[in-house]
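Structure, as structure tokens:
We did not get these values from a lab; they are worked out from the coordinates using the rules stated. Nothing here was measured: the structure is a model prediction, and the numbers come from that model. Neighbour counts are summed over all protein chains in view; Cβ atoms, including those assigned to glycine, are modelled from backbone coordinates with ideal geometry.
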Amino acid sequence: MSIVTVQLGQCGNQIGFEVFDTLFSDSHSSQGLCSKKENEAYQASCKERFFREEENGVPIARAVLVDMEPKVINQTLSKAARSGQWKYGEHACFCQKQGSGNNWAYGYSVHGPRNEESIMNLIQKEVEKCDSLSGFFIIMSIAGGTGSGLGAFITQNLQDQYSNSLRMNQIIWPYGTGEVIVQNYNSILTLSHLYRSSDALLVHENDAVHKICAKLMNIKQISFSDINQVLAHQLGSVFQPTYSEEGSFHYRRNPLGDLMENLVPHPEFKMLGIRNIPQMSENSLAYSTFTWAGLLKHLRQMLISNAKMEEGIDWQVRPPISGLPALGKMSLKKELRFNTSIANLVILRGKEVQSADLEGFKDPALYTSWLEPDTAFNVWKTQRAFNRYEKSAALVSNSQFLIRPLDVIVGKAWNMFASKAYIHQYTKFGIKEEDFLDSFTLLEQVVSSYSNI
């Protein structure tokens, strides 16, 4: 089954390019550490999901590129074409001459309705080229104008027009010290709308990815391209093919459906985060060896202590002892230390993958009381190595990891709203004060629901 990717705004298009480039280069890598037959099956499965073939043999990304300014789309198209390995479709882009000026309301209320027909037609043409559609993967920022406002509008349209297809939004959480003064308004409006129209929100925090670049990748001058390559590596480690079941050598056919089934047991809880291990520079990788026991011990502690990377893990955090209240149940005013999960999926790739012991992730103390660990925890495996790593593990988690960042953004937006700061920039494009209040109510409910699992 195929996934149609919708790349929205500057952020969505730049990340989208890196994702397709990572998927393609990994699937065609000679360092898969597996048999030729297995590698060919892996390649074919990746291609079915993310690429289609054209007559001249160059794979074409199953993607639609949308931005309100042409510059980034033109750069993205030429970068893909220059690679000579894959490209975007000739008629898969939509851009205008005027951006959204970091105003969510302009993206949602002006650009959305004005360009709805053209954009949805492009998406329909891409869908028609799929033999079987798994769903949509929508890449966007939540802090600006086009990605966030237009992204929320397009996601609603996909819900209306493709109600039987899944929608996963990959959203970029803004830096805590962002440059856009209204980023908290844009963020709460985007999140509240997506919570109604998307099946799952896969969240990447800019601050966390920046730290990975600095501390794990040893990059001194960090660029957006560096950050996007880390994001692409994490996404690739989730979306590349894995075996459909233990002992089987057939690859999963419905990646989005399987992800949702394993990770989103209730529509109130749809925030997902990714952690990867190991993640390091190519220079360091050449001198490193890993065991599954070591990788999984670190990954489990990253989960329960809510660490985004393996450096600086708090090893003092322990699961609550049954019968005693978990630290996670305390009010937000106190430090949330133990990160309670609703559902976890571990994805293992590489050598001796069948020998990996995952019992530590099946501990009932890690999970909410209303799901059995057998239901809440799943594992996907393949012996095929990913992106030059002999052994690697990814964890996709539906947990309390986002409570604090969400509470902070809602609080900052509320403080501005209470003094009516910048509200006129939104009301002049048809967004009412009630829309803000609805967003606050919905997101405060999300914070409360996750706090009480």
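Quick notes on this one:
- Take every pair of alpha-carbon atoms less than 8 Å apart whose residues are at least six positions apart; their mean separation over the length of region 81-160 yields a relative contact order of 42 percent.
- Between the residues N283, P265, H250, the greatest Cα displacement towards the positive end of the dipole of region 239-322, with unit charges on the Cβ of Lys, Arg, Asp and Glu, is found for P265.
- Qualifying chymotrypsin sites (Phe, Trp or Tyr not before Pro) in region 226-290, where qualification requires a DSSP coil assignment and no more than 14 other C-beta atoms within 10 Å, comprise F249, Y287.
- Binned Cα-Cα distance frequencies in region 1-119 - 5 Å width, integer %: 2, 11, 20, 20, 16, 12, 8, 5, 3, 2, 0
- Here's the picture: charge each Lys and Arg Cβ at +1 and each Asp and Glu Cβ at -1 in the chain, and of W315, S100, Q170 the one pushed furthest to the positive end of that dipole is W315.
- Label-point gap, in nm, between S244 and A44 - each point 7 angstrom along Cα→Cβ: 1.3 nm
- Surface/4 of the Cα convex hull for the chain, nm²: 20.9 nm²
- Partner aspartates and glutamates for K297 [C-alpha distance under 15 Å; skip if fewer than 8 residues away on the same chain]: E310, E311, D314, D357, E359, D363
- Here region 116-228 yields Rg over Rh of 1.04, to two decimals, using C-alpha coordinates and the Kirkwood radius.
- Summed side-chain charge close to F429 - residues other than F429 whose Cβ falls under 12 Å, Lys, Arg +1, Asp, Glu -1: +2
- For region 248-321 versus region 377-453, the gap between their alpha-carbon centres in whole angstrom: 19 Å
- Nitroxide proxy distance, nm - points 7 Å out along Cα→Cβ at E268 and N121: 4.4 nm
- A DSSP coil position with no more than 15 other Cβ atoms inside 10 Å describes the following trypsin sites (Lys or Arg not before Pro) in region 111-210: K129.
- Region 139-250: relative contact order as a whole-number percent, Cα under 8 Å and 6+ apart: 26 percent
- Extending 7 Å from Cα along the Cβ direction at K79 and again at K297 yields two label points whose distance is 3.9 nm.
- Sequence-separation-based contact order of region 1-159, relative, with Cα cut under 8 Å and 6+ spacing, percent: 35 percent
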